Protein chains: 2
Amino acid sequence: MPLGKDPNCPIALSLEVVGEKWSLLIIREASTGATRFSEFQAALGIAKNVLAERLSTLVEYGVLDRQPYRDSGEREREEYVLTPAGRELRLVLGALSQWGSRNRPTESRLRHNFVDTRSGDILALRYVSESGRVVKTDAVDVKLVLLGAG
Amino acid sequence: MPLGKDPNCPIALSLEVVGEKWSLLIIREASTGATRFSEFQAALGIAKNVLAERLSTLVEYGVLDRQPYRDSGEREREEYVLTPAGRELRLVLGALSQWGSRNRPTESRLRHNFVDTRSGDILALRYVSESGRVVKTDAVDVKLVLLGAG
C-alpha cells in the first residue's frame, strides 16, 4: 500500500470528522456561540435533515457534546456544545480563515478574529520551531515520515 | 442576512476551494512531491473522472498550475504544480495533521512533518500574538467582527 493511501494518516482521519460539506461551518458557528439546532439552522440555512446528520456525526466523533436544556414552559431539548477536541478545531478554522483572507479577496468586511481569551490580543497562526522561532509558511516543507523507522 | 450566511466569509470562501472530498488529500500529495495525474491516482486510488474534476477545480481557483512536460519518446502531457497560494495551504494541512495527531489516536506510524526548509527543524502551528507570544489553542476565542464597524 502506498503511504499516501494509509487511512490512518492524521490528515485523512481529521477529514473523516470534518471533511463533509457544512461540518466546518457548523464548527464555525459553534465557535462563535451557537448551541441550539435552531441557531445553526438559522445561521447556515441548510436543510434540517442534513444539519441533523452532521450534528450527529460531530457528536459521534467527540467534537460536540449533546446537553439537555429546558426553556421555561417548554419540553426538554438538547443543545450542542464544543468538547475540548472541538474547541481545538479552531486550529483548522484559523487556517482556513487566514488562507481565505490572503488568497480569496472579498469586498465583505466580515471577519473572524482569533483572540487571546485573557488579553484580547488578535492572534495569527504561525509555524513555530521548538525554540519559538517563527517560520514563514512559504519556507515550510512537508515530509512524509514513518515514526520509529531507522 | 445573518452574518453567518455571508458567502464571503473567508472560511466559507476557502471551503469553496478545498472543501470537496479529496481536494485536501490532493493538496497533501502535491505538498509531498506528486505532480502527475498518474501519481495522484496511484497515491489516492480514486476514480479518474473524480480526480480530473478536482484537479480542474484546484487549477481554476489558482492553487495548482498546469505545466507541460514530455518524457522522452512520449507525447506532451501536463503536470500539476502548487502555486504560491497552493503552497500556503500547508497552513490547512498542518492544522488537520496536528488536530488529528492529538485527537484521533492511531496505531499508524505515518506522519507528515512540517519542517523549516532551511534548517530542517520540525515546526508546529501555534497561535501567536503580534508581539510573538504563543497562546495555547484552548485559550483562543473566535470573535465575529465587521471590519470598519464603529
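Quick test of the membrane-span-like rule: which DSSP H helices of chain B reach at least 24 Å along their long axis (C-alpha atoms) with mean Kyte hydropathy at least 0.0?
The qualifying helices: there are none.
In chain A, the calculated helix contribution to ellipticity at 222 nm averages -11000 deg cm²/dmol per residue, counting -39,500 (n - 2.57) for every DSSP H run with n ≥ 4. Largest first, the extents of the alpha carbon coordinates of the protein assembly as shown on the three principal axes equal 78, 44, 44 Å. Under 16 Å from a label point set 7 Å out along the Cα-to-Cβ vector of A:Val145, the amide N atoms of the range B:100-117 belong to B:101-102, B:108-117.
Peptide A:115-123 has a mean shielding of 6, counted as Cβ atoms of other protein chains within 10 Å of each residue's Cβ. Within the range B:85-129, what residues put their amide N at less than 18 Å from the label point 7 Å along the Cα-to-Cβ vector of B:Asp65? The answer is B:85-90, whose backbone nitrogens lie closer than 18 Å to the label point.
Normalised by the number of residues in chain A, the average gap of Cα pairs under 8 Å and 6 or more apart makes the relative contact order 14 percent.
Placing R0 at 25 angstrom, the Cβ-Cβ distance between A:Thr35 and A:Arg118 gives a FRET efficiency of 0.65 after rounding to 0.05. Each Lys or Arg adds one and each Asp or Glu takes one away; over the other residues whose Cβ falls under 14 Å from the Cβ of B:Tyr127, this sums to +2. Per residue, the convex hull around the alpha carbon atoms of the range B:3-139 comes to 181 Å³.
Here the spin labels are modelled as points 7 Å beyond Cα on the Cα-Cβ line, and at B:Arg133 and A:Ala47 they lie 4.8 nm apart. In order along the range A:73-86, the Karplus-derived 3J(HN,Hα) couplings, from 6.51 cos²θ - 1.76 cosθ + 1.60 at θ = phi - 60°, round to x, 10, 6, 5, 10, 10, 10, 10, 10, 4, 7, x, 4, x Hz, and Gly and Pro are given as x. For A:Ser108, nonlocal amide neighbours, meaning residues 5 or more places apart or on other chains whose placed amide H falls under 5 Å from its own, do not occur. Other protein chain C-beta atoms within 10 Å of residue C-beta, averaged over B:65-75: 0. Separation of the range B:1-59 and the range A:47-121, taken as the distance between their Cα centroids, equals 22 angstrom.
Every number here is computed from the coordinates shown, using simple stated rules; none is lab data. No experiment lies behind these values; they were computed from the predicted model shown. When we count neighbours, we look across all protein chains shown, and the Cβ atoms used for this are built from the backbone with ideal geometry, even at glycine.
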